[in-house]
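The values are calculated or read from the model by the stated rules, or taken from the named source; none is laboratory data. No experiment lies behind these values; they were computed from the predicted model shown. Don't worry about glycine lacking a Cβ; one is built from the backbone with ideal geometry, like all the others, and counts go over all protein chains shown. These accessible areas exclude ligands, DNA and RNA; they are computed on the full protein's heavy atoms, side chains included. Shrake-Rupley method; radii C 1.70, N 1.55, O 1.52, S 1.80 Å.
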Amino acid sequence: MIAYGGNTVLNIEYPLMYAHSSNNQYNLISRLITKGAADLPAFGTNTEKWAGRGSFGLDFYADAATSNNSLRFFFNLSASKIYGTEVFQENLGTEKSNFTFGQLTLGLIFLENFKISFVVSTFSSEAELRNKNIVAGGQVLR
């Protein structure tokens, strides 16, 4: 229901490059990504504060598969410049409302239906957002 406030997100992506082998055994994709988001307060509340942010960034994805396509290794690097409101900054707990942020992810797709990924680096100009831990994830595709 709209009466409870909520999140609004606008995402615009523009492809910059797509290179691949004839059989898609090797792929490279890069995109320019622009994003805007707002966290709106619920109607009827006493606050007019809302959190908002905009970002501009680049995303690079590359993968390579074995000849029988039973294994596919992938790499994803994204980096953005983020511009936020004061409320966004307070909610995030950062020193500045404008900062850089990015992630490096490596992974493996096997049996064409299972994906394992590892976020191996989270980097930012804000120390509070840097993460030295490796984060693992899994997904069943299709």
Potential lengthening between residue 132 and residue 86 on full extension [0.36 nm per residue; Cα-Cα distance subtracted]: 13.9 nm
Within straight-line cross-link reach of residue 49, lysines at Cα separation under 25 Å, skipping those fewer than 8 residues along the same chain: 35, 81, 96
FRET efficiency for residue 33 and residue 140, using Cβ-Cβ distance with R0 set to 30 Å, rounded to 0.05: 0.70
Hydrodynamic radius by Kirkwood, which averages 1/r over all alpha carbon pairs of the chain, in angstrom: 17.5
Gained length - residue 7 relative to residue 25, 0.36 nm times residue gap less alpha-carbon distance: 2.6 nm
The chain: most fluctuating residue of 103, 89, 25 per GNM, C-alpha cutoff 10 Å: 25
Approximate spin-label separation residue 69-residue 112, in nm, with each point projected 7 Å along Cα-to-Cβ: 0.5
Ranked order, 115, 96 - accessible area, probe 1.4 Å, largest first: 96, 115
Difference of contour (0.36 nm per residue) and Cα-Cα distance, residue 16 to residue 98: 27.0 nm
Accessible area of segment 8-140 belonging to carbon and sulfur atoms, whole % at 1.4 Å probe: 59
Those GluC sites (Glu not before Pro) in segment 22-128 that DSSP places in a loop and that have at most 15 other beta carbons within 10 Å: 48, 95, 112
Candidates 67, 80, 55: whichever shows maximal mean-square fluctuation once the chain is modelled as a Gaussian network with Cα springs under 10 Å: 67
